[in-house]
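Novice: My questions all concern the structure below.
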Amino acid sequence: MNKFLKWLDNFWYHYKWHTIIGVFAAVFLIVGVGQMLGKEKVDAYIMYAGPTAFFPDELEQIQDSFESIVPDFNNDGKKVVEFIDITVLTDNQIAENRKKAQEEGVKYEPDMEYIMDMRKKFKLHIQSGDAYLLLLDPEMYDMDKDVGIYRKLSDIGIESEYAFDDNSIVFKQTDFGKYFSVFKEFPDDTLMCFRTMNIPSKIRGDKEQKKYNEQLELMKKILEFSTAE
């Protein structure tokens, strides 16, 4: 056995596990960095929470619709909107579904574990998520309306003939909501509103403020959208 092979055999005997762990760590790091570099930078976030479950092709169309008007905030040559969808039912909607099922003589067994998980997910996003621009079922909206979660439209420089109340707008009554066919999949009473930047979000600093401002600009562009010639 030559000196190199002897050295290699000795090295492997003493440092086998160190080498294996080091290789795995290096691979993990390389893959992680590659994924980070390959991930598209998001220009704006929008969150939907309500009873509608969208198909993958519908989600793509929804994203494309918003990307058609969003500015390229990060100046990377791409316009990317991340659409966060949370399919969730309220107690009233579950009761209505159960009543309808009984009338039709069919069985209705909602997955309550899933529904509760989605309610928790909604609470998490409404408190500290990436999306400030929200599309909500009216009952989901009402849950937090009185605790200062949503901005008053007048306080963020918005006036709209489609306002539902001081804090929200009926999304499908806007020209933007009417123009793109995919929005037919949204319930007619879906409300568009804007989340308040709470203290934990403010602590994140300028980067979070930029995210907030950009989504507010997108909301205004939605309302400025017109199909009139």
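The values are calculated or read from the model by the stated rules, or taken from the named source; none is laboratory data. For clarity, every value in this text was computed on a predicted model and none was experimentally measured. Counting neighbours? That spans all protein chains shown, and the Cβs are built from the backbone with ideal geometry, glycine included. Each accessible area value is taken on the protein alone, full model and side chains, heavy atoms only, with ligands, DNA and RNA left out. Shrake-Rupley method; radii C 1.70, N 1.55, O 1.52, S 1.80 Å.
Novice: So which residues in the stretch 162-184 are of a type in the set (Ser, Thr, Tyr) and out of contact with any strand residue (DSSP E or B) (no Cβ under 7 Å at 6 or more places or on another chain)? Step through it out loud before you land on a result.
Specialist: Within the stretch 162-184, the subset of a type in the set (Ser, Thr, Tyr) is 162, 168, 174, 179, 181.
Residues satisfying the conditions are Thr174, Tyr179, Ser181.
Novice: Give, as residue ranges, the helices (runs of 4 or more DSSP H) completely inside the stretch 36-152 that count at least 1 residues that are open to solvent by 50 Å² or more (accessible area, probe 1.4 Å) and under 17 Å from Phe194 (Cβ atoms). Reasoning before the result, please.
Specialist: Values: elements: 56-67, 91-104, 112-128, 138-144.
Counting at least 1 such residues, we get 112-128, 138-144.
Novice: Return the residue satisfying two criteria in turn: it lies in the stretch 163-217 and is assigned to a loop (DSSP other than H, G, I, E, B) and free of Cβ contacts under 8 Å to residues at least 40 places away in the same chain, and of such residues it is nearest to Ala49 (Cα to Cα).
Specialist: Within the stretch 163-217, the first condition is being assigned to a loop (DSSP other than H, G, I, E, B), and the residues that meet it are 164-167, 174, 180, 186-190, 196-198, 204-205.
From what is left, the residues that are free of Cβ contacts under 8 Å to residues at least 40 places away in the same chain are 164-167, 188, 204-205.
On the way: Phe164: 17, Asp165: 19, Asp166: 20, Asn167: 17, Asp188: 14, Arg204: 25, Gly205: 27 Å.
Once the filter is applied, the top-ranked residue is Asp188.
Here is a yes/no grid of residues against (1) modelled with pLDDT of 95 or more; (2) over 19 Å from the mean Cα position of the chain (by Cα):
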{"site": "Ser154", "(1), (2)": "yes, yes"}
{"site": "Ser160", "(1), (2)": "no, yes"}
{"site": "Glu217", "(1), (2)": "yes, no"}
{"site": "Lys221", "(1), (2)": "yes, no"}
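Novice: When only residues in the stretch 102-149 that are more than 22 Å from Asp189 (Cβ to Cβ) and aliphatic (A, V, I, L, M) count, which is farthest from the chain's Cα centre (by Cα)?
Specialist: Val106
Novice: Name every residue in the stretch 196-210 that is on the phi < 0 side of the Ramachandran plot and either out of contact with any Ser or Thr (no Cβ under 9 Å at 6 or more places or on another chain) or surrounded by fewer than 16 Cβ atoms within 10 Å (Cβ to Cβ) (or both), in order of residue number.
Specialist: Keep residues of the stretch 196-210 that are on the phi < 0 side of the Ramachandran plot, which gives 196-204, 206-210.
Once the filter is applied, which keeps residues that are on the phi < 0 side of the Ramachandran plot and either out of contact with any Ser or Thr (no Cβ under 9 Å at 6 or more places or on another chain) or surrounded by fewer than 16 Cβ atoms within 10 Å (Cβ to Cβ) (or both), the stretch 196-210 yields Thr196, Met197, Asn198, Ile199, Pro200, Lys202, Ile203, Arg204, Asp206, Lys207, Gln209, Lys210.
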